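> I am attaching a structure below and will ask some questions about it afterwards.
Each value in this text was obtained by applying a stated rule to the coordinates, not by laboratory testing. Owing to the predicted nature of the structure, the values given are computational and were not obtained by experimental measurement. FYI the Cβ positions are ideal-geometry reconstructions off the backbone, even for glycines, and counts take in every protein chain you see.
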Amino acid sequence: MSDRTRAHVFVSGNVQGVYFRATTRDEAQKRDINGWVRNLDDGRVEAVFEGPEKAVEEMVDFCHRGSSAAEVEDVDVTYEEPQGEGQFKVRW
């Protein structure tokens, strides 16, 4: 079993316009997580985290809280095999 994993996350609630993406990027970079985060047209935030299992779990836990101004209502997580994501970025 690999110690690396990938989490594909959809976060709903008041999560756009509240620095959710920027804070997610900062938290991911602190943990050397690869992947990306972006806003969706339906008001959710989508993110992919790849890295060591413990660090990915920390990022999933972060998504349940979000940035200080966010109001997270739900987090939907799917675990997948890593696909070789690059340095963590905010997608537009």
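> Can you give me the angle between helix 20-30 and the longest principal axis of the chain, using Cα atoms only, in degrees from 0 to 90, rounded to the nearest 10?
Helix 20-30 sits at roughly 30 degrees to that axis.
> Using only the Cα atoms of the chain, construct the convex hull and provide its projected area averaged over every direction, in square nanometres to one decimal. Please report the intermediate quantities before stating the final value.
Numbers: hull surface 21.1 nm².
Reported value for the Cα convex hull: 5.3 nm².
> Mind giving me the FRET efficiency for Y19 and E53? R0 is 22 Å, r the Cβ-Cβ distance, nearest 0.05 is fine.
On the way: r = 27 Å, r/R0 = 1.22.
For Y19 and E53, the calculated efficiency is 0.25.
> Roughly speaking, what is the stretch gain from S12 to D74, that is 0.36 nm per residue apart minus the C-alpha to C-alpha distance, in nm to one decimal?
On the way: separation 62, 0.36 × 62 = 22.32 nm, distance 0.52 nm.
The S12-D74 span can extend by a further 21.8 nm.
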